[in-house]
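The structure appears below as structure tokens.
We did not get these values from a lab; they are worked out from the coordinates using the rules stated. Computed from a predicted structure; not experimentally measured. Here the Cβ positions follow ideal geometry from the backbone for every residue, glycine too, while neighbour counts run over all protein chains shown.
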Amino acid sequence: MNILPYNDAYWMEFAFKEAERAFDKGEIPVGAVIIRKNSIIGKGHNMRENLNDPTAHAEIIAITSAAATIESWRLDDCTIYVSLEPCPMCTGAIINARIPRVVFGAYDEKAGMCGSVDNLCDMNLLNHRAVVKGGVMEEKCQSIMNAFFKKVRESKSSIDN
């Protein structure tokens, strides 16, 4: 596996910037970047609402972008950085893309499949596994999620009144 000269917080800042882009578009603020040989080869942020696409999660967009960049679906020498623990669909895509390392910010106790609800990245039944590291910039990544849902609740409350 490629050894990165930068620490995980360095790369997570780029994922967080993608989360901010999602926030600005009214999307759940999740961002992702994929690193290979010390460079970002793919990035994305949630676009479900804007694209009316239930699969337009940050991780899926970043994986598609990275695969196009290197012209291969096998991302077996990459690391994905995500501001929120990946859901089942995204974890499945990470496994299918053969990404060996997943680093995420905030834990997702309701849908996180890299340790919170379950850990698909470490299942013996699957043909690929990934090393997972959670909690990188956790407070910052959680704070943007909290701000987003507070904004949603406040706007819903003002409509209801």
Task: Surrounding net charge for Cys121, when Lys and Arg each add one and Asp and Glu each subtract one, Cβ distance under 15 Å - done: -2
- [ ] Using θ = phi - 60° and the Karplus relation 6.51 cos²θ - 1.76 cosθ + 1.60, list the HN-Hα couplings for segment 56-64 in order, rounded to whole Hz, with x at every Gly or Pro.
- [x] 7, 7, 3, 5, 5, 5, 5, 5, 4
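Find out how many positive minus negative residues lie around Gln142, taking Lys and Arg as positive, Asp and Glu as negative, among other residues whose Cβ is under 13 Å from that of Gln142. Please list the in-between numbers first.
Values: positive: Lys140, Lys150; negative: Glu85, Asp108, Glu109, Glu138, Glu139.
Computed value for this residue: -3.
Given R₀ = 25 Å, FRET efficiency for Met89-Asn127 by Cβ-Cβ distance, to 0.05?
For R0 = 25 Å, the calculated efficiency reads 0.90.
How large is the convex hull of the C-alpha atoms of segment 1-56 per residue, in Å³? Before the final figure, lay out the partial values.
Numbers: hull volume 4.2 nm³, N = 56.
Spelled out: Cα convex hull of segment 1-56, divided by residues, is 76 Å³.
Take the cross-link list Lys25/Lys110; Lys25/Lys150; Lys43/Lys156 and give me the ones stretching past 21 Å between alpha-carbons.
Values: Lys25/Lys110 24 Å; Lys25/Lys150 16 Å; Lys43/Lys156 31 Å.
Correct reply: Lys25/Lys110; Lys43/Lys156.
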TODO: Identify, among Pro29, Val131, Ile144, the residue whose Cα sits farthest towards the positive end of the charge dipole of the chain, taking +1 on the Cβ of Lys and Arg and -1 on the Cβ of Asp and Glu, with the dipole about the Cα centre.
DONE: Val131
Task: Lys17 versus Asp118: modelled label distance in nm, points set 7 Å from Cα along the beta carbon direction - done: 3.6
- [ ] Note down the magnitude of the dipole of segment 27-76 about its Cα centre, charges +1 on Lys and Arg C-beta and -1 on Asp and Glu C-beta and zero elsewhere, to the nearest 20 debye.
- [x] 240
- [ ] Report the local net charge at Gly112: Lys and Arg +1, Asp and Glu -1, summed over other residues whose C-beta lies under 10 Å from its C-beta.
- [x] -3
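Could you calculate, for segment 71-161, the ratio of the Cα radius of gyration to the Kirkwood radius, expressed as Rg to Rh? Write down the numbers at each step before the final one.
Values: Rg = 15.8 Å, Rh = 14.2 Å.
Here the Rg-to-Rh quotient is 1.11.
Under a point-charge model restricted to the Cβ atoms of Lys and Arg (+1) and Asp and Glu (-1), what is the dipole moment magnitude of the chain relative to its Cα centre, in debye to the nearest 20? Display every interim value, and only then the final one.
Working: 18 positive and 21 negative charges, 43 e Å.
With only Lys, Arg, Asp and Glu charged at Cβ, the dipole is about 200 debye.
For segment 1-109, what is the percent of antiparallel DSSP beta bridges, rounded to the nearest 5? Walk me through the numbers before you get to the answer.
Values: 10 of 15 bridges.
Roughly 65 percent of the DSSP beta bridges within segment 1-109 come out antiparallel.
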